[in-house]
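Notes follow once the structure below has been shown.
The values are calculated or read from the model by the stated rules, or taken from the named source; none is laboratory data. Keep in mind it's a predicted model, so treat the numbers as computed, not measured. All Cβ positions, even for glycine, are placed from backbone atoms using ideal geometry, and neighbour counts span all protein chains on display.
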Ligand code: FES
(Lines give C-alpha, C1' and ligand atoms only; values in the text may rest on other atoms or scores of the structure.)
Protein backbone atom coordinates (compact mmCIF):
# COMPACT_ATOMS: atom_id res chain seq x y z
CA UNK A 1 0.00 0.00 0.00
CA UNK A 2 1.21 3.49 -0.74
CA UNK A 3 -0.90 5.26 1.86
CA UNK A 4 0.91 7.18 4.58
CA UNK A 5 -0.04 6.74 8.21
CA UNK A 6 -1.85 9.84 9.45
CA UNK A 7 -0.28 11.69 12.36
CA UNK A 8 -3.59 12.85 13.80
CA UNK A 9 -2.03 16.29 14.27
CA UNK A 10 -4.30 19.24 13.42
CA UNK A 11 -3.20 20.70 10.08
CA UNK A 12 -3.99 24.26 9.05
CA UNK A 13 -6.43 24.31 6.10
CA UNK A 14 -7.36 27.99 5.90
CA UNK A 15 -8.83 30.88 7.77
CA UNK A 16 -12.40 30.58 8.97
CA UNK A 17 -13.35 33.56 6.84
CA UNK A 18 -11.98 32.12 3.58
CA UNK A 19 -13.49 28.67 4.20
CA UNK A 20 -16.89 30.18 4.97
CA UNK A 21 -16.71 32.25 1.79
CA UNK A 22 -15.73 29.17 -0.25
CA UNK A 23 -18.36 26.94 1.51
CA UNK A 24 -16.54 23.93 0.02
CA UNK A 25 -12.79 23.54 -0.24
CA UNK A 26 -10.46 20.68 -1.15
CA UNK A 27 -7.13 20.16 0.60
CA UNK A 28 -4.54 17.41 0.53
CA UNK A 29 -3.46 16.62 4.07
CA UNK A 30 -0.64 14.15 4.69
CA UNK A 31 -1.30 12.70 1.24
CA UNK A 32 -5.06 12.36 1.73
CA UNK A 33 -7.60 14.33 -0.34
CA UNK A 34 -10.13 15.98 1.96
CA UNK A 35 -13.29 17.95 1.29
CA UNK A 36 -14.05 20.67 3.83
CA UNK A 37 -17.66 21.83 3.92
CA UNK A 38 -19.20 24.74 5.75
CA UNK A 39 -22.93 24.25 6.15
CA UNK A 40 -25.45 25.83 8.53
CA UNK A 41 -22.69 27.21 10.75
CA UNK A 42 -20.72 23.96 11.05
CA UNK A 43 -17.49 22.77 9.42
CA UNK A 44 -17.20 19.16 8.25
CA UNK A 45 -14.23 17.31 6.77
CA UNK A 46 -14.53 14.06 4.90
CA UNK A 47 -12.70 12.11 2.23
CA UNK A 48 -13.03 13.98 -1.04
CA UNK A 49 -13.79 10.91 -3.22
CA UNK A 50 -17.03 8.97 -2.93
CA UNK A 51 -16.80 5.56 -1.27
CA UNK A 52 -18.88 3.95 -4.02
CA UNK A 53 -16.85 4.59 -7.17
CA UNK A 54 -14.51 7.47 -6.41
CA UNK A 55 -16.50 10.40 -7.84
CA UNK A 56 -15.57 13.87 -6.55
CA UNK A 57 -18.03 14.95 -3.85
CA UNK A 58 -17.25 18.65 -4.18
CA UNK A 59 -20.50 19.52 -5.96
CA UNK A 60 -22.84 17.08 -4.20
CA UNK A 61 -26.14 18.44 -2.91
CA UNK A 62 -26.73 18.58 0.84
CA UNK A 63 -30.12 17.56 2.24
CA UNK A 64 -31.54 16.46 5.55
CA UNK A 65 -32.48 12.80 5.13
CA UNK A 66 -33.80 10.61 7.90
CA UNK A 67 -32.93 13.31 10.43
CA UNK A 68 -29.29 13.55 9.30
CA UNK A 69 -27.60 16.20 7.18
CA UNK A 70 -26.33 14.24 4.18
CA UNK A 71 -24.12 14.81 1.17
CA UNK A 72 -25.46 13.27 -2.05
CA UNK A 73 -22.85 12.06 -4.53
CA UNK A 74 -23.41 13.63 -7.97
CA UNK A 75 -22.62 10.40 -9.84
CA UNK A 76 -25.01 7.69 -8.57
CA UNK A 77 -26.72 9.65 -5.77
CA UNK A 78 -25.41 7.63 -2.84
CA UNK A 79 -26.06 9.45 0.40
CA UNK A 80 -23.74 9.86 3.36
CA UNK A 81 -24.07 11.74 6.65
CA UNK A 82 -21.77 14.75 6.86
CA UNK A 83 -21.12 14.25 10.56
CA UNK A 84 -19.88 10.66 10.54
CA UNK A 85 -19.91 9.33 6.96
CA UNK A 86 -22.75 6.90 7.56
CA UNK A 87 -24.25 5.66 4.30
CA UNK A 88 -28.05 5.89 4.29
CA UNK A 89 -30.70 4.66 1.87
CA UNK A 90 -34.47 4.67 1.71
CA UNK A 91 -36.40 1.48 1.16
CA UNK A 92 -39.71 -0.26 1.72
CA UNK A 93 -40.29 -3.73 3.10
CA UNK A 94 -41.80 -5.84 0.30
CA UNK A 95 -44.34 -7.54 2.58
CA UNK A 96 -45.48 -4.41 4.40
CA UNK A 97 -48.89 -3.14 3.29
CA UNK A 98 -49.22 -0.34 2.59
CA UNK A 99 -45.48 -0.03 1.86
CA UNK A 100 -43.82 2.71 3.94
CA UNK A 101 -40.45 4.04 2.81
CA UNK A 102 -37.96 4.37 5.67
CA UNK A 103 -34.31 5.35 5.99
CA UNK A 104 -31.81 2.61 6.75
CA UNK A 105 -28.10 2.61 7.54
CA UNK A 106 -25.33 0.94 5.56
CA UNK A 107 -22.83 1.68 8.33
CA UNK A 108 -19.91 4.09 8.06
CA UNK A 109 -18.88 4.36 4.41
CA UNK A 110 -17.07 7.69 4.09
CA UNK A 111 -14.16 8.53 6.38
CA UNK A 112 -14.63 11.78 8.27
CA UNK A 113 -12.01 13.88 10.04
CA UNK A 114 -11.95 16.25 13.01
CA UNK A 115 -12.23 19.98 12.40
CA UNK A 116 -11.16 22.54 15.01
CA UNK A 117 -10.93 26.30 15.10
CA UNK A 118 -8.29 28.36 16.89
CA UNK A 119 -8.23 32.15 16.71
CA UNK A 120 -9.97 32.32 13.37
CA UNK A 121 -7.95 29.53 11.77
CA UNK A 122 -9.34 26.12 10.83
CA UNK A 123 -7.47 22.87 11.32
CA UNK A 124 -8.23 19.31 10.23
CA UNK A 125 -6.81 16.27 12.01
CA UNK A 126 -7.01 13.08 9.98
CA UNK A 127 -8.94 10.15 11.40
CA UNK A 128 -6.69 7.65 13.19
CA UNK A 129 -9.21 4.82 13.05
CA UNK A 130 -7.45 1.67 11.82
CA UNK A 131 -10.73 0.13 10.68
CA UNK A 132 -11.11 -0.04 6.93
CA UNK A 133 -13.72 2.37 5.58
CA UNK A 134 -14.87 2.10 1.96
CA UNK A 135 -13.68 5.58 0.98
CA UNK A 136 -10.09 4.50 1.82
CA UNK A 137 -10.07 2.67 -1.54
CA UNK A 138 -9.90 5.92 -3.49
CA UNK A 139 -7.05 7.64 -1.62
CA UNK A 140 -3.35 7.67 -2.43
CA UNK A 141 -1.70 6.47 -5.64
CA UNK A 142 -3.61 3.15 -5.73
CA UNK A 143 -6.81 5.10 -5.18
CA UNK A 144 -5.98 7.46 -8.00
CA UNK A 145 -5.68 4.55 -10.41
CA UNK A 146 -8.97 3.11 -9.13
CA UNK A 147 -10.64 6.50 -9.65
CA UNK A 148 -9.32 6.78 -13.18
CA UNK A 149 -10.80 3.39 -14.06
CA UNK A 150 -14.15 4.34 -12.55
CA UNK A 151 -14.05 7.73 -14.29
CA UNK A 152 -13.57 6.01 -17.64
CA UNK A 153 -16.67 3.90 -16.94
CA UNK A 154 -18.63 6.99 -15.92
CA UNK A 155 -17.63 8.85 -19.10
CA UNK A 156 -18.74 5.87 -21.17
CA UNK A 157 -22.10 5.86 -19.33
CA UNK A 158 -22.55 9.63 -19.59
CA UNK A 159 -22.34 10.15 -15.79
CA UNK A 160 -20.65 13.07 -13.98
CA UNK A 161 -16.86 12.70 -13.70
S1 LIG B 1 -22.58 7.24 -5.77
FE2 LIG B 1 -20.68 8.23 -5.67
S3 LIG B 1 -19.54 7.30 -7.22
FE4 LIG B 1 -21.37 6.20 -7.22
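Quick notes on this one:
- Residue in the range 37-56 that is under 13 Å from the mean Cα position of the chain (by Cα), within 16 Å of the ligand (Cβ to nearest atom), surrounded by fewer than 18 Cβ atoms within 10 Å (Cβ to Cβ) and on the phi < 0 side of the Ramachandran plot present: no
Residues are listed down the side, and each one gets a yes or a no for (1) over 21 Å from residue 59 (Cβ atoms); (2) in contact (Cβ under 8 Å) with a residue 24 or more places away in the chain; (3) in contact with a helix residue (DSSP H, G or I) (Cβ under 6 Å, 6 or more places away or on another chain):
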{"residue": "97", "(1), (2), (3)": "yes, no, no"}
{"residue": "103", "(1), (2), (3)": "yes, yes, no"}
{"residue": "140", "(1), (2), (3)": "yes, yes, no"}
{"residue": "159", "(1), (2), (3)": "no, yes, no"}
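- Residue pairs meeting the criteria (Cβ under 6 Å; at least 6 apart or on separate chains; first more than 19 Å from residue 158 (Cβ to Cβ), in the range 59-78; second at pLDDT below 95 and near the ligand (Cβ under 8 Å from one of its atoms)): none
- Taken over the range 18-59, the criterion of being assigned to a loop (DSSP other than H, G, I, E, B) and in contact with a helix residue (DSSP H, G or I) (Cβ under 8 Å, 6 or more places away or on another chain) is satisfied by 31, 50, 51, 52, 53, 54, 55.
- Residue count for the range 67-84, restricted to those that are in a loop (DSSP other than H, G, I, E, B) and within 13 Å of the ligand (Cβ to nearest atom): 6
- The condition of being at positive phi, touching a strand residue (DSSP E or B) at 6+ places or on another chain (Cβ under 6 Å) and assigned to a strand (DSSP E or B) holds for only one of 107, 8, 14, 87, that being 14.
- Top-ranked residue in the range 135-149 [being within 14 Å of the ligand (Cβ to nearest atom) and under 17 Å from the mean Cα position of the chain (by Cα); ranked as surrounded by the fewest Cβ atoms within 10 Å (Cβ to Cβ)]: 146
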